[in-house]
Amino acid sequence: MAMKVLSEMMTFNHEQIVFGNDRDTGLRAIIAIHDTTLGPAIGGTRMWPYKTEDEALGDVLRLSRGMTYKAAAAGLNLGGAKGVIIGDPEKDKNEFLLRAYARLIEGLHGRFITGEDVGISVGDVEWMTAETSSVVGISEALGGSGDPSAATALGVFRGIQACSEEVFDTTSLDGIKVAIQGLGKVGMHLAELLHHEHAKLIVADLDRHRVKLAVGKFEALEVAPEQIYGVDADIFSPCALGAIINDKTMPLFKVGIVAGAANNQLEDEAKHGQVLKKKGILYAPDFVINAGGLINVADEISGYNRERALVKVENIYSVLKEVMRVANKENITTGMAAARMAERRLDQAAKLRRRFVYTPSACYRGTKIFSRGNPV
């Protein structure tokens, strides 16, 4: 087992994996720290009834690596990590299990900062604060940033404007047809922002109640979930599940842009990124366009300031413009361009680390060690 885990870590150069067990609460957890080159590693914790330990390990390794790229591309002085708790959040979750998990985090001495994810709420994170300060995403009443969905939606909206300028030569969304797949918190916030700019919305969701809300509030056109891929629209905005851009859905697209909040939108990043490029469809890399929530909660580390945080979120527009510039210049997909930009920033920071002392705990306490890859 140990050799297999080490082999998995070496595949994508993970720094550390921590396994947690607590007999009294039934806690079974895995924390994967992928990279701390830019600073302490940040990433949400999800609670899920994984069928096997291997499934949980695979998920946490994949997600933590993605967080490194998301934080680096967003210009944050943070690395990437993720935590998973094995269990059914509806049946197994309670205060003392989460406090046991928080003690596991505290033992990492600031190397890992966590917050909400699937199966973990703002209230759950607040339980963790009894045992560790290495958490973000607490409620506004307690000095935190609260629900990050509005910030995520704002980042996606600004990303859509950047893509629109590239494809349609305008940031105005007046009359632009946007097909939104998924009307959860982020999708609904995004629909409101788009409606305010007079975009024409086409929506689909498995939850009929949320669809009716969008139709009534935003004058949206409803389509069945299986029909959303083939609608006549300018922009497709996936805000629900991942892997929805695949061999089956790709031939149905009639859009010029794919830009949404969902994670891991491409079933095969290399293959389907190239297919979108050949079809002339501009793809906004998900780990760039959906980073608003991360940027927002990360601002809590230095004492949350909403105005400051949202200014950083709006910068997603500029980041995506740079991604498109690099993609065009190097004749590569936007996904490859975004990854290269993140990797270059990591490489630059790694070189600086050889010249400057770096301590994750100091950075977490607010000591500025790096700023956008430069010593300060």
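The values are calculated or read from the model by the stated rules, or taken from the named source; none is laboratory data. Please read all numbers here as calculations on a predicted model, not as lab measurements. Cβ placement follows ideal geometry from the backbone for every residue including glycine, while neighbour counts extend to all protein chains displayed. In case anyone asks, the SASA skips ligands and DNA or RNA and just uses the protein heavy atoms, side chains included. Shrake-Rupley method; radii C 1.70, N 1.55, O 1.52, S 1.80 Å.
Of ALA191, ALA153, which residue is open to solvent by less than 10 Å² (accessible area, probe 1.4 Å) and more than 16 Å from the chain's Cα centre (by Cα)? Give the derivation first.
Details: ALA153 fails: more than 16 Å from the chain's Cα centre (by Cα).
Of ALA191, ALA153, the one residue that is open to solvent by less than 10 Å² (accessible area, probe 1.4 Å) and more than 16 Å from the chain's Cα centre (by Cα) is ALA191.
When LEU173, LEU154, LEU201 are checked against the criterion of being closer than 13 Å to ASP234 by Cα and outside any strand (DSSP E or B), LEU173 stands alone in meeting it.
Among the residues of region 68-75, is there at least one that is free of Cβ contacts under 8 Å to residues at least 60 places away in the same chain, outside any strand (DSSP E or B) and of a type in the set (Lys, Arg)? Break it down into steps so the answer makes sense when it comes.
First, pick out the residues of region 68-75 that are free of Cβ contacts under 8 Å to residues at least 60 places away in the same chain: none.
No - not one qualifying residue is present in region 68-75.
Would you confirm whether any residue within region 271-279 is among the hydrophobic types (A, V, I, L, M, F, W, C), at pLDDT 95 or above and in contact with a helix residue (DSSP H, G or I) (Cβ under 9 Å, 6 or more places away or on another chain)? The answer is yes, given that some residue of region 271-279 is among the hydrophobic types (A, V, I, L, M, F, W, C), at pLDDT 95 or above and in contact with a helix residue (DSSP H, G or I) (Cβ under 9 Å, 6 or more places away or on another chain).
Yes or no, residue by residue, for (1) modelled with pLDDT under 95; (2) surrounded by fewer than 19 Cβ atoms within 10 Å (Cβ to Cβ):
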| site | (1), (2) |
| --- | --- |
| LEU6 | yes, yes |
| GLU15 | no, yes |
| VAL18 | no, yes |
| ASN21 | no, yes |
| PRO40 | no, no |
| ARG62 | yes, yes |
| ALA72 | no, no |
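Please verify whether HIS34 is out of contact with any Lys or Arg (no Cβ under 7 Å at 6 or more places or on another chain), closer than 30 Å to GLY159 by Cβ and not aliphatic (A, V, I, L, M), treating the condition exactly as stated. So HIS34 does not fit the description; no.
ASN331 is checked against (1) modelled with pLDDT under 95; (2) farther than 21 Å from ILE42 by Cβ and fails just one. What number does that condition carry? ASN331 satisfies all of (1) modelled with pLDDT under 95; (2) farther than 21 Å from ILE42 by Cβ except (1). Condition test on ALA102, is it over 30 Å from ILE316 (Cβ atoms), at pLDDT 95 or above, surrounded by 22 or more Cβ atoms within 10 Å (Cβ to Cβ) and more than 16 Å from the chain's Cα centre (by Cα)? Answer is yes for this residue. Would you pick out the residues in region 310-332 that are open to solvent by 50 Å² or more (accessible area, probe 1.4 Å), part of a helix (DSSP H, G or I) and more than 30 Å from SER145 (Cα to Cα)? Residues satisfying the conditions are ARG325, ASN328, LYS329, GLU330. Filtered by the rule that a residue be farther than 23 Å from ARG158 by Cβ and open to solvent by 20 Å² or more (accessible area, probe 1.4 Å), region 242-268 gives ALA243, ASN246, ASP247, LYS248, PRO251, LEU252, LYS254, GLU267, ASP268. Among the numbered conditions (1) more than 23 Å from ILE245 (Cα to Cα); (2) out of contact with any Pro (no Cβ under 9 Å at 6 or more places or on another chain), the only one that LYS321 does not meet is (1).
Sub-9 Å Cβ pairs linking a first residue in region 278-293 that is under 14 Å from GLY159 (Cα atoms) to a second residue that is surrounded by fewer than 21 Cβ atoms within 10 Å (Cβ to Cβ) and among the β-branched types (Val, Ile, Thr), at least 6 apart or interchain, are LEU282/VAL167, ordered by first then second residue.
Quick one: would you say ALA259 is of a type in the set (A, V, I, L, M) and in contact (Cβ under 8 Å) with a residue 40 or more places away in the chain? Explain how you work it out, then say what you get.
Values: of a type in the set (A, V, I, L, M): yes; in contact (Cβ under 8 Å) with a residue 40 or more places away in the chain: yes.
When the stated conditions are applied, ALA259 passes them.
Scoring LEU206 on the criteria (1) in contact (Cβ under 8 Å) with a residue 24 or more places away in the chain; (2) open to solvent by 50 Å² or more (accessible area, probe 1.4 Å) leaves a single failure, condition (1). Quick check: anything in region 210-220 modelled with pLDDT of 95 or more, touching a helix residue (DSSP H, G or I) at 6+ places or on another chain (Cβ under 8 Å), surrounded by fewer than 20 Cβ atoms within 10 Å (Cβ to Cβ) and not in a helix (DSSP H, G or I)? Yes, that holds for at least one residue. Is it the case that region 82-91 has a residue that's within 22 Å of GLY293 (Cα to Cα), touching a residue at least 24 places away in the same chain (Cβ under 8 Å), open to solvent by 50 Å² or more (accessible area, probe 1.4 Å) and among the charged types (D, E, K, R)? No, region 82-91 contains no residue that is within 22 Å of GLY293 (Cα to Cα), touching a residue at least 24 places away in the same chain (Cβ under 8 Å), open to solvent by 50 Å² or more (accessible area, probe 1.4 Å) and among the charged types (D, E, K, R).
Answer yes if at least one residue in region 107-127 is within 20 Å of GLN16 (Cβ to Cβ), assigned to a loop (DSSP other than H, G, I, E, B) and open to solvent by 50 Å² or more (accessible area, probe 1.4 Å), and no otherwise. Show your work before the answer.
Filtering region 107-127 for residues within 20 Å of GLN16 (Cβ to Cβ) gives 107-115, 117.
Applying the additional criterion that residues be assigned to a loop (DSSP other than H, G, I, E, B) yields 107-111, 115.
Adding the requirement that they be open to solvent by 50 Å² or more (accessible area, probe 1.4 Å) leaves 109, 111.
Within region 107-127, one or more residues are within 20 Å of GLN16 (Cβ to Cβ), assigned to a loop (DSSP other than H, G, I, E, B) and open to solvent by 50 Å² or more (accessible area, probe 1.4 Å).
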